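The values are calculated or read from the model by the stated rules, or taken from the named source; none is laboratory data. Keep in mind it's a predicted model, so treat the numbers as computed, not measured. For neighbour counting, all protein chains shown are included, and Cβ atoms are generated from backbone atoms with ideal geometry for every residue, glycine included. Areas reflect the complete protein model, heavy atoms only, side chains present, ligands, DNA and RNA absent. Shrake-Rupley method; radii C 1.70, N 1.55, O 1.52, S 1.80 Å.
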Amino acid sequence: MGEYARCAAIALAVTRRWNDAAIHFMLSRQAPYAAAAPFPATLLESSPTFHSPAVIEALEKLRPDVVIFDNAGRTSQLRAAKRLGARIVYISSRRRQRRKAFRWRWMRMIDEHWIAYPEFIAGKLRWHEKFKLLCLGRPALRYLDVILPQPSLEEREALLGRLGYVAGSYVLVVPGGGTGHPRAADAVAHFLIAASELAAGGVPTVFVGPPGAEDAAADTLKNPCLHRLGPLPQRELAALMRSSRLILANGGSTLMQGIACANACVAVPIARDQIRRIRQCVQHHVAVAAALDSADMVRTVNALLNDEPARAALARRAADLNLSDGIDISLRALEQLIETKPR
């Protein structure tokens with residue numbers, strides 16, 4: 001879900017910058033977001049990484065100027081894009097994908113390598129990465145920091161008006177896109193129960209997440225302090241993040257978005273790679289960790305709500321990070337790629 005949300009946000013920004021831009025996605029039809037994708041898409045039986053013939057066929061048909069591989073792709077797919085004259089962007093958000101992007105043969109094909117997280121999370125360039133970049137003089141490397149739309153104050157006020165909430169009055173609970181992870185298949189249920197229990201305690205709570213897990217919290221779902229929303233466009237989610245008092249989120253891109261909104265965040269790992277990311281945020285004093293357990297989530301959130309100096313300090317340190325706008329970074333990079341592409 002994180003990869004799709006990131007690419008969708010970039011694609012929407014591209015269409016705002018260039019009205020005549022043609023966008024096409026390659027998606028797994030099994031993904032919960034595939035059916036509602038706002039762009040033309042080729043749907044495959046699983047991740048495009050595992051369907052090279054179909055990906056290459058689409059590349060040959062579409063003849064794109066730029067191809068973005070987000071944490072996915074095979075060497076044969078990159079070669080096909082290169083052969084067709086496309087500029088290639090590779091986004092890595094995990095150590096394994098970063099190592100792939102720094103293989104000699106991939107570096108010779110990739111024009112832009114975007115690291116999805118800030119440097120304090122993803123880590124500085126290692127000596128061998130610097131050496132390879134120096135030897136080849138490519139690809140251009142950028143830290144995206146955080147992909148987060150910038151809704152106006154009017155947009156935020158309009159959304160809160162529809163929900164009947166006042167800025168700074170509610171806890172926002174965001175478990176993520178609902179895609180399963182090993183040993184965390186019931187993650188959404190834990191978040192929903194936590195949201196329900198917070199609301200039962202009188203805390204105005206907004207839950208933004210996929211459908212499901214209703215049975216787990218059926219006894220408290222009708223609480224008037226709980227406002228349940230389905231998946232939202234990134235712009236609306238950003239508006240809710242900026243106006244909330246505290247955010248309870250998974251440890252992926254959602255956590256970084258909450259921190260970029262200068263908000264106090266409680267982070268829960270729902271995937272293996274999120275454990276290290278949350279630990280780094282805690283070490284930088286910009287988030288508090290909780291276990292994937294509804295009772296622990298509620299205890300941690302209530303502790304912060306009842307300790308205003310601690311909550312405010314988290315928000316202040318998050319603001320002090322001054323994370324860059326990854327959408328602006330990606331648009332400027334794409335503009336350079338298109339301008340320098342041979343015709």
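Put a plus charge on the Cβ of each Lys and Arg, a minus charge on the Cβ of each Asp and Glu, and nothing anywhere else: the dipole of the chain about its Cα centre is then about 1820 debye. Computed over protein heavy atoms with a 1.4 Å probe, the carbon and sulfur contribution to the accessible area of the chain reaches 53%.
Taken over the stretch 86-212, the percentage of Cα pairs per 5 Å bin, counting from 0 up to the bin with the maximum distance, is 2, 9, 13, 13, 12, 12, 12, 10, 8, 6, 3, 1, 0. Could you compute how fast the chain diffuses translationally, taking Rh as the Kirkwood radius over C-alpha pairs and applying Stokes-Einstein at 10 °C with viscosity 1.306 mPa s? Give it in µm² per second. Answer, rounded: 76 µm²/s.
With all protein chains in place and ligands, DNA and RNA left out, the 1.4 Å accessible area ranks Leu134, Leu12 as Leu134, Leu12, largest first. Each of Glu155 and Ala200 was given a label point 7 Å from its Cα along the Cα-to-Cβ line. The distance between the two points is 3.6 nm. Placing pseudo-labels 7 Å out from each Cα toward the beta carbon at Lys132 and Ser76 gives an inter-label distance of 2.3 nm. Bridging of Lys132 to lysines at a Cα separation below 30 Å is possible for Lys82, Lys100, Lys124, Lys341, once same-chain residues fewer than 8 apart are set aside.
Between the listed residues Pro40, Ser76, His51, the Cα displaced farthest toward the positive end of the dipole of the stretch 21-110, a dipole computed from Cβ unit charges relative to the Cα centre, is found at Ser76.
The Cβ shell under 12 Å around Asp293 holds other residues with a net charge of -2, Lys and Arg each +1, Asp and Glu each -1. Placing a label point 7 Å from the Cα of Leu125 along the Cα-to-Cβ direction, the residues of the stretch 307-343 with a backbone N closer than 18 Å are 330, 333. Taking the inverse of the mean 1/r over every pair of distinct Cα atoms in the stretch 247-343 gives a Kirkwood hydrodynamic radius of 14.6 Å. Per residue, the stretch 256-343 exposes an accessible area of 47 Å² to a 1.4 Å probe, with every protein chain left in place.
Given a 1.4 Å probe and the protein chains as shown, Arg99 ends up with an accessible area of around 150 Å². Model label sites at Asp186 and Asp273, defined 7 Å from Cα along the beta-carbon direction, differ in position by 2.7 nm. Go ahead and run the numbers for FRET between Ala291 and Leu163, Cβ-Cβ distance against an R0 of 30 Å, rounding to 0.05. Efficiency computed from Cβ-Cβ geometry: 0.55. Segment Arg299..Glu45, full-extension length gain: 87.3 nm, with 0.36 nm per residue of separation and the alpha-carbon distance subtracted.
Ordering His285, Leu337, Leu229 by Cα displacement along the dipole of the stretch 219-343 toward the positive end leaves Leu337 in first place; charges were set at the Cβ atoms of Lys, Arg (+1) and Asp, Glu (-1).
Our estimate of slack between Asn306 and Asp320, defined as 0.36 nm per intervening residue step minus the Cα-Cα distance, is 2.7 nm.
Sorting Glu157, Glu339, Glu129, Glu308 on solvent-accessible area from highest to lowest, probe radius 1.4 Å, gives Glu339, Glu157, Glu308, Glu129.
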